[in-house]
Each structure stands twice: as structure tokens, then as C-alpha cells.
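The values are calculated or read from the model by the stated rules, or taken from the named source; none is laboratory data. As the structure is a prediction and not an experimental result, all values here were calculated from the model. Backbone-built Cβ (ideal geometry, glycine too); neighbour counts: all protein chains shown.
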Amino acid sequence: MISVLHSLRFRLTLTFAIFGTMVSILLSMGLLFDAHILGERLMDETLRAEIGDYISRLERNPNSLPPSTASIQGYLLNQNQRSGNIPPELLALREGVHQLILNDTPYRVAVVDKNGVRIFMLFNEKRQRHREEIFIIDLAAGALIMIVFSAWVSWWLAGRLAYRVVAPISELARRVSIASPGDDAEAVAQGFSNDEIGQLAEVFSSYLNRMRAFIDRERNFTGNVSHELRTPLAIVQGVVELMEDDKQLDDKQQERIARIGRANREMVNLTTALLLMARENTDDAVVQTCDVCEVVSAAIEMNRHLLSEKTSLDFVCNSHPIIVAERALLSIVVANLIRNAFTNTPSGVVSISVKDNELTVSDTGTGIRGEEIDKVFQRHFRGADSTGWGIGLSLVKRICDRYGWETIIDSTEGQGTSAQFVFNKKHA
């Protein structure tokens, strides 16, 4: 089940809500800025009007007093006589409009020089700022209401939109999940409208047809390879066995025949393993039980010819774990680890230990370089001193991935290598 936080409806709602929130915040900030600028303009217009009116009264009556109300306060400064009631902060102001705080009260101040006198006109901003604070509160409340409302509307719309979008996708996913190469590919795309989802369904249908054709080709190929390749290998093995019983052959000829036999058996095992790996990994394919110690003993005997005369072998089987797997695939894994240890130990000791759920192959050979240790399982990777084709350990990795096994390589150049093969034991 898809959680609410990961559902398409929640993501659509979150997107719409974030968009609505950003629009509300930007709109509120714009309105607040415009209200502030408009308030300053209104105060400046009021100051200019008061100054103009006071100048007109001065022209008619030089003894007219400046205005003095709750909002407007004026001061007059003559050249011949300074008024003592003018705050000192006003005397330092130049002509123009200023912001000033007198006795903890904010004022908008206009200074004008006219006919040899200086006029100071002050507008008390306390009421204006109080109105702005109320406007900010109203604006924030309105924005919050809009955000909540937009989130609710978004959730409702997203539910309808998500249903229209998700329902066809869910149906397509259901059809694809139960489809198999043997089913009618056209049934996958049937019933969808001619839109993006319909096009996607057509792509799945086409892909199913291609997959069916590919599986048919793969089955024909593996069937042909299984017959055409195993038959000559079986013939070669039969001839080798007859030649091994020929008492007229000398030791060198017998050694060559044995070498041919070993190479042929390795080819049979490798062919079997590759054909098994080409099959689809299903539980029905795993029908064999294998004694790990028996498989290890067989691998040792098959590769004993690689063991140097200066190298001793220490094989300990502490238990006889039985695992469920194709014997050919298990033999490939075990034989690769043993073959690498035998080949890369010109002198010293090769230790092989079988425990309840693991096989350990350790040697005192040449080891692996530090920069190569992380690449040994890569396909076609060959170390500096390697003579193979670089598919052994990569095939081991594929087999381990198939069964959930694990192979851990630990090596020090010049000191040796330890390969730990960890398997999940299953009793038949």
C-alpha cells in the first residue's frame, strides 16, 4: 500500500498549497508595501497642504501662528528672531521631507524656506502606524484563511484529479504485473484512451511481443546448444575413456589423454552451468540436493594436477552441509575458488575448510594487488598476472546472486588470498 505522504493526491495537494501560499504571501507583501507608500504620500500631501495654507495666512497676517492639532504641529523660524519653543532636533534639518522621533513619537517632517522664514510642519505618525499594524493583522489573517482554503480546495481537486490520473495507471500496472509472454499482448493496451497512458500501454504491449519473440529465440538457441554441443562432448568423453583403458600408451600419452578428459569435463560442466543460468530463476528449477563436502572433494581431484609439488594441501570437512541447488552451478563456484588457489600458489599451503554454512579456501600464494581486489568479480577483468579470460569469478558472482550466496575475497599481495564462500543451508 502507498502511504498518504507518498500518494499522488498528497503531492498534488502539497504543490497546490505551496503555490497558493506563495501567491498569498507575495500578494500580502505587495499590498502592505503599497499601503505604506500610499500612507507616506497622503502624509506628504497633508503637510504640503498645511504649509501652503499657512504661507497664505502669513501673507495676509504676518502674526499668524502655525497650526497645532492632534495630528499637525507647525513651527516658524524668523531670520530676526528665533522661537524658543522649536525642538533642537528640527534646527539641524535641511529643506525637504524627513523622518524624526521626538519624545518617543514618530513624525513626518516637512521643512520649507519661504520669504525669508523657515517653516517646520510635523505630522504625527502614531495613528498612521497604528492603522498599519491593524492592516497587517487583517492582512495576515486573510492570508492564513486563503492558505487554509486553498489547501482544502487543493485536496478536493487533487482527489478528483488523482483518481482520473491514477486509476488508468493502476489498471495498466495491474495488467502488466500479471502479464506473461504467453498472454495476448493486445489485451494489455485494450480499453485505454488515446492519450499518454494509452501510448504507454501500447509501448508495454509492443515490449511484451518483443519479449515473447526473444524468449522463443532463446529457448530455440539453448535447446540447439544443449543438443548440438553436448553430443560431441559426450563422444569426446567416450573416446577419452576408451583411450585411458589402452595399456599400450606410455605415460606421456596417458597424461595428455587425461588432460583432454579434464578439459572435456570442465567444458561439460561449464556448458551445463551456462545453460542453467540462461533459464529463468524460479523455485521449480532448483530440484537437487548437494553435499558440499562431496562437491569440494570432486573439485579438488579434478584440479589436483594444478597443485605444485612444493605446495601442500590441507582439507578439513568439519560438517557435511546439504544445500538445495543445481549441482553443476555449485561445482562451478567451488571449482573456481579451488582452481584459483592451486594456480596462484607455486609453493606454500592451500587450506580448504568446510563448516556448517561456509567454505573457506586460503592460500599462501602470490595474492592480489590492492587496486585489483574490488574488480575481481567484474566480467572480463584480468589481473596483471592472470592467464584466464576473466569470466570465472564473474560467473561465480552471477551464480551467488541467483541463490543468495556470498563470496568474500580478502587478499594481500605477496602473502596470499582467502576466499570465503557463504551459503544458506537448506535441508531437503
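Numbers at a glance
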quantity: Any hit, segment 315-331, residues being in a helix (DSSP H, G or I) and either modelled with pLDDT of 90 or more or acidic (D, E) (or both); calculated: no
quantity: Count of segment 338-349 residues which are surrounded by 24 or more Cβ atoms within 10 Å (Cβ to Cβ) and β-branched (V, I, T); calculated: 2
quantity: Any hit, segment 266-280, residues being in a helix (DSSP H, G or I) and either at pLDDT 85 or above or of a type in the set (G, A, S) (or both); calculated: yes
quantity: Search result, residues across segment 82-130 that are out of contact with any strand residue (DSSP E or B) (no Cβ under 7 Å at 6 or more places or on another chain) and either of a type in the set (D, E) or in contact (Cβ under 8 Å) with a residue 24 or more places away in the chain (or both); calculated: D104, D113, K114, N115, G116, R127, Q128
quantity: Residue tally, condition among the acidic types (D, E) and surrounded by 15 or more Cβ atoms within 10 Å (Cβ to Cβ), over segment 45-65; calculated: 1
quantity: Residue match in segment 56-76 (condition: aromatic (F, W, Y), under 15 Å from L122 (Cβ atoms) and at pLDDT 90 or above); calculated: no
quantity: Residue within segment 117-132 that is over 30 Å from L31 (Cα atoms), surrounded by 11 or more Cβ atoms within 10 Å (Cβ to Cβ) and of a type in the set (D, E) present; calculated: no
quantity: Residue match in segment 400-412 (condition: assigned to a loop (DSSP other than H, G, I, E, B) and modelled with pLDDT under 85); calculated: no
